[in-house]
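These notes are about the structure you will find just below.
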Amino acid sequence: MGSFSIWHWLIVLLIVVMVFGTKKLKNMGSDLGGAVKGFKDGMKDGGKSDEVAPAAGQVASSAQAEKTTIDVEAKTKS
């Protein structure tokens, strides 16, 4: 019941390849790598304080624009 030998890991790897196929495993690996890269870029960009908060006039104009939108689901049928 000790640690697994290299033969155990090779058998597990063979079964995983047989179940998922090499193409699916390649796609999963590239998707995981892209997600990790995106996370690292986001963490690097999130630490920057270059972003400027919007001016008060911009906030007011966006609030006014929201009032002109119509919620279709809120209307009742007559």
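For this structure, a couple of remarks:
- Whole-Hz Karplus values for segment 27-35 come out as 5, 5, x, 5, 5, 5, x, x, 5 Hz, taken residue by residue from phi with 6.51 cos²θ - 1.76 cosθ + 1.60 and θ = phi - 60°; glycine and proline positions read x.
- Modelled spin labels at Ser5 and Val17, positioned 7 Å past Cα toward Cβ, are 2.0 nm from each other.
- Shape category assigned to segment 1-44 from the gyration tensor of Cα positions, a/c cut at 1.5: oblate
- 3J(HN,Hα) couplings calculated from phi for segment 8-24 with the Karplus curve 6.51 cos²θ - 1.76 cosθ + 1.60 (θ = phi - 60°) are, in sequence order, 4, 5, 5, 5, 4, 4, 4, 5, 4, 5, 5, 6, 8, x, 5, 5, 5 Hz; Gly and Pro show x.
- Number of Lys pairs (Cα under 23 Å; 8 or more positions apart or on different chains) in segment 1-44: 4
Only the coordinates and a few stated rules stand behind these numbers; no lab work does. The shown structure was predicted, so the numbers you read here are calculated from the model rather than taken from an experiment. Neighbour counts run over all protein chains shown; Cβ positions are idealised from the backbone, glycine included.
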